[in-house]
Every structure is written in structure tokens, then in C-alpha cells.
Amino acid sequence: MTEADSQYFRRAIRLAMKGRGSVEPNPSVGCVIVKDGRVIGEGFTQPFGGPHAEPTALANCTESPAGATAYLTMEPCCHTNKKTPPCVPRLIQAKIARVVVGCVDPNPDVNGKGIVMLRDAGILVDRAEGDLELESRQLIAPFIARTVHHRPYITLKWAQTADGKIASPGGARLQISNHAATRAVHQLRSRCDAIVVGVNTVITDDPLLTARDVATSHPLRRMILDSRLRTPPSAKLATEGVDLFYTEDGFLNGLDRIKQLLPTGVNLCIAPSHPDGRVSIAKWVLDKSLSDVTHLLVEPGPTLARSFFDAGAADRVWVIRSPRKLDTPDAPNAAALPSRYVQTGEINLDGDLLSECLDTESDLFFAPAKSADFMLAEQGQ
Ligand SMILES: NC(=O)c1ccc[n+]([C@@H]2O[C@H](COP(=O)([O-])OP(=O)(O)OC[C@H]3O[C@@H](n4cnc5c(N)ncnc54)[C@H](OP(=O)(O)O)[C@@H]3O)[C@@H](O)[C@H]2O)c1
């Protein structure tokens with residue numbers, strides 16, 4: 001790959017990021033078509049069910065793509081058991097001469113077959129190397145999570161004061177983030193499929209967990225982990241059709257609460273138990289009740305955060321740090337971030353600092369590079 005190849009490829013990565021939040025459970029892919037040293041067409045995966053990046057870029061070409069090079073962040077698809085026609089025949093018909101591919105499609109229906117078909121048709125296929133290949137995999141980490149590991153990609157997010165506090169003394173709710181940081185959180189919520197909190201947060205904060213004042217392309221499934229059915233029937237989430245996950249032991253102890261909760265519209269779901277009696281995070285994330293979730297956002301108190309860390313189930317952590325101190329030693333502290341996390345970047349949001357850290361031991365860690373969501377947050381999106 002030449003320096004020019006790398007630059008066009010990076011352009012394809014940036015394009016792919018624009019699909020985040022609207023294409024899932026599909027991967028977001030970017031495609032840049034270059035002829036005689038000029039970009040003649042480009043595109044990215046359209047919202048779920050819409051055209052993939054390749055036909056979008058071909059349709060946008062300002063001149064014939066015959067003889068051109070297509071830079072693709074992921075191998076083009078070749079299978080037919082899906083909503084849209086396969087992309088490999090489109091590239092062949094368009095007489096593309098060379099394709100530079102970022103990563104192989106982890107979908108077992110493709111997984112290298114698209115590359116073989118291109119080569120069989122006489123198209124030169126080069127693979128992106130080094131960081132570029134790893135970054136193209138990082139880009140589709142949520143898709144890899146679902147397709148290969150049968151679980152969602154998981155982000156933990158919380159806000160803390162300059163002295164590491166996450167609530168007022170006694171746990172009462174504390175508004176820590178400023179307007180700009182809150183907006184970044186709502187934008188992140190709008191790109192996730194589901195959001196979960198622990199029951200203590202429901203009791204103290206009574207949150208709604210919606211994505212407010214931002215564009216949304218799909219509904220956000222809201223969930224509570226509440227082993228022993230302690231959610232108050234008057235909680236806002238209870239009347240919003242929340243999915244409440246409890247354990248078998250909790251059921252036995254909470255029959256009265258079930259009677260009170262059922263008329264509110266709560267969707268009661270049984271979850272696998274950990275030996276400590278709480279929901280087993282390691283088993284729950286693999287549970288079939290989450291099979292429609294590609295990207296799960298966890299907004300934990302320190303207790304739930306520690307359980308996700310212990311289960312090795314937090315692929316990414318976003319922390320908002322306010323410059324303000326609480327100066328009250330008895331207020332609860334944020335969970336400590338395990339040392340295996342690496343920071344990819346930091347954004348100053350009108351004084352609040354938003355940092356992103358990735359779990360280097362996660363199956364879904366490929367490169368210490370900023371995620372698509374984080375790059376979008378940098379751009380105020
Ligand atoms: N600053 C922020 O960004 C932020 C965000 C969220 C919350 N908060 C604050 O955090 C405080 C609440 O935090 P918290 O640590 O007490 O509670 P939490 O993390 O909100 O919820 C923990 C509770 O969830 C239930 N749970 C079910 N399965 C679990 C599992 N596997 N691991 C851990 N918990 C599980 C447990 O209750 P059962 O055993 O009864 O099921 C547990 O006590 C509040 O003051 C809230 O305002 C701050």
C-alpha cells in the first residue's frame with residue numbers, strides 16, 4: 001500500500017463512522033472510489049435495510065468507475081440471504097480494477113469468500129496493513145461482538161467530580177455533567193440499542209433513560225438489573241415498559257412486589273444468577289433475551305460498574321470529569337478503572353473532560369484508536 005492508498009483508506013474509515021447508530025445490527029462500512037488520483041465517488045452503509053457502502057459509492061460516481069480502485073473498510077458481501085443484493089457482483093459489473101479491503105467480514109456466510117470472488121473475476125485485491133487493518137476491525141467491533149461472540153458490544157459511562165465522587169452523601173442524585181457533556185451522552189444513547197442501570201440508581205435517581213433533544217433512528221430498549229425486585233412501582237421507568245431483570249431467588253422473595261409491579265407495565269424477565277445472588281453479568285450478556293442488542297450502554301453506579309469489570313464485560317468506558325470538587329468525603333466514590341484499560345482520547349466539552357478507555361483484554365479490542373462514537377462526539381455529533 002502506498003501513502004496515497006493509506007490516505008484514501010483513512011477517508012473510507014471516517015465515512016464508515018457516519019453510519020454508527022443507524023445501520024446496526026449491520027456493520028458500518030465506508031467506500032471511496034478513486035480513479036486517476038481523484039475521488040470520483042464515495043459512500044457509507046445506509047440505515048438498516050438500505051443500500052450498503054459499495055452501491056452507494058458507485059451510485060455517487062461522477063464518472064465511469066471502470067478501471068478505478070475501491071477502498072473498502074470491510075470485505076464486500078457475496079451472500080444472498082439478507083435484505084439487500086450482494087455487493088461483489090456490483091463491483092465486478094462496474095469494472096472496478098482494484099479493491100483495497102480493510103478487514104474480512106466475520107459473518108460466516110462471507111468470511112473471505114467475497115475476496116475470493118473478486119480475485120476470481122480478475123480484480124486485484126490488496127489488504128490494508130498494520131494499524132489500518134486493526135482500525136477497520138475496531139470500527140465494526142459491535143458487529144463482531146454480535147456475529148462472533150453472540151453478545152453486545154458494551155460501553156460503561158459515568159460522570160464524576162474532580163475529587164472522584166458520583167453522587168451526594170447518602171447517594172442522593174447529583175448533577176455532575178454540564179450541558180455539553182449531557183448532550184454528548186444523549187447522542188451516545190441515541191446510537192445504542194439498549195441501556196441498563198442497577199436498581200439503586202432507579203431508587204435514588206428515578207431516571208427515564210431516554211435520548212433527549214437528539215435525532216434518533218431506532219427505539220432505545222431500557223432495562224434494570226434488579227435481582228430482588230426492589231424497583232418501586234412508582235418509578236418513572238416502571239410505567240415506561242422497562243425490562244426488569246431479576247433472579248430466581250429474587251422471585252421467591254419478591255412475590256408481593258411482582259403483584260405491585262405487573263399492573264404498571266413492567267416487563268419482568270428472569271436472568272441467570274451469580275453465586276452472590278445477583279444477576280450474573282457474564283451469563284446475562286450472552287442470554288438470548290439480549291440477542292437483539294448490538295450495542296449496550298450501561299450507566300452504572302459503582303456497584304454495577306465493578307460487576308461489569310469483574311466479569312470482563314466492559315469493552316469500553318466513557319468517563320466525564322467535571323472540574324468541580326464536591327469536598328465531601330462521605331459521598332460515594334466512582335469505581336476504579338482496572339489497569340488493563342487504555343485511554344484513546346479526551347475531549348473538552350465546555351470544561352468537562354470526556355475520556356474514552358478500551359479494555360485491552362477484551363475480545364473486541366483491536367487497536368488503541370478512538371471509536372466511531374468518540375470521533376462523532378469530537379465533532380459535536
Ligand atoms: N455519576 C454517575 O454517572 C452515576 C451513574 C449512575 C448512578 N449514579 C449514582 O450511583 C448510586 C447508585 O450506585 P450503586 O453502586 O449503589 O448502585 P447501582 O450500581 O446503581 O445498582 C447496584 C444494584 O443493582 C443490583 N444488581 C443486580 N445485579 C447486579 C450485579 N451483577 N452487580 C451489581 N449490582 C447488581 C444490585 O441490587 P440487588 O442485589 O437488589 O439486585 C445492586 O445493589 C446513586 O447514588 C446514583 O445517583 C451515579
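The values are calculated or read from the model by the stated rules, or taken from the named source; none is laboratory data. In this text, all values refer to a predicted model and were calculated from it rather than measured experimentally. Every residue, glycine as well, gets a Cβ built from its backbone with ideal geometry; the counts of neighbours run over all protein chains shown. These area figures cover heavy atoms from the full protein model, side chains too; ligands, DNA and RNA do not enter into them. Shrake-Rupley method; radii C 1.70, N 1.55, O 1.52, S 1.80 Å.
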- Query: Accessible area, 1.4 Å probe, largest first: how do 341, 8 sort?
  - Reply: 8, 341
- Coil-residue chymotrypsin sites (Phe, Trp or Tyr not before Pro) of segment 20-108, DSSP, other Cβ within 10 Å capped at 15: 48
- Message: Bin width 10 Å, origin at 0, all Cα-Cα pairs of segment 120-261: what percent of pairs per bin?
- Response: 10, 28, 30, 19, 7, 5, 1
- Note on the structure: Taking every other residue with Cβ under 11 Å from the Cβ of residue 214 and scoring Lys and Arg +1, Asp and Glu -1, one gets +3
- So what's the angle, to the nearest 10 degrees on a 0 to 90 scale, between helix 3-17 and the longest Cα principal axis of the chain? 40
- Message: Rg over Rh of the chain, using C-alpha atoms and the Kirkwood radius, what does it come to?
- Response: 1.02
- Query: Can you give the charge dipole size of segment 222-381 about its Cα centre, rounded to the nearest 20 debye, using +1 on the beta carbon of Lys and Arg and -1 on the beta carbon of Asp and Glu?
  - Reply: 380
- Do any trypsin sites (Lys or Arg not before Pro) in segment 70-141 lie in a loop, going by DSSP, with at most 14 other beta-carbon atoms within 10 Å of their beta carbon, and if so which? 82, 83, 95
- Task: Rank these by accessible area, largest first, 1.4 Å probe: 54, 378.
- Result: 378, 54
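Counting only protein heavy atoms and a 1.4 Å probe, tell me what percentage of the chain's accessible area is made up of carbon and sulfur.
50
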- Message: Over segment 239-381, with the other protein chains present, what is the accessible area per residue in square angstrom, probe 1.4 angstrom?
- Response: 47
- Query: In degrees from 0 to 90, rounded to the nearest 10, what is the angle of the helix 179-191 Cα long axis to the longest principal axis of the chain?
  - Reply: 70
- Task: Quick one: work out the % antiparallel among DSSP beta bridges in the chain, nearest 5.
- Result: 45
- Select from segment 211-283 those chymotrypsin sites (Phe, Trp or Tyr not before Pro) which occupy a DSSP coil region and have at most 12 other Cβ atoms within 10 Å, ordered by residue number. none
- Message: Using only the heavy atoms of the protein chains and a 1.4 Å probe, how would 375, 1 rank by accessible area, largest first?
- Response: 1, 375
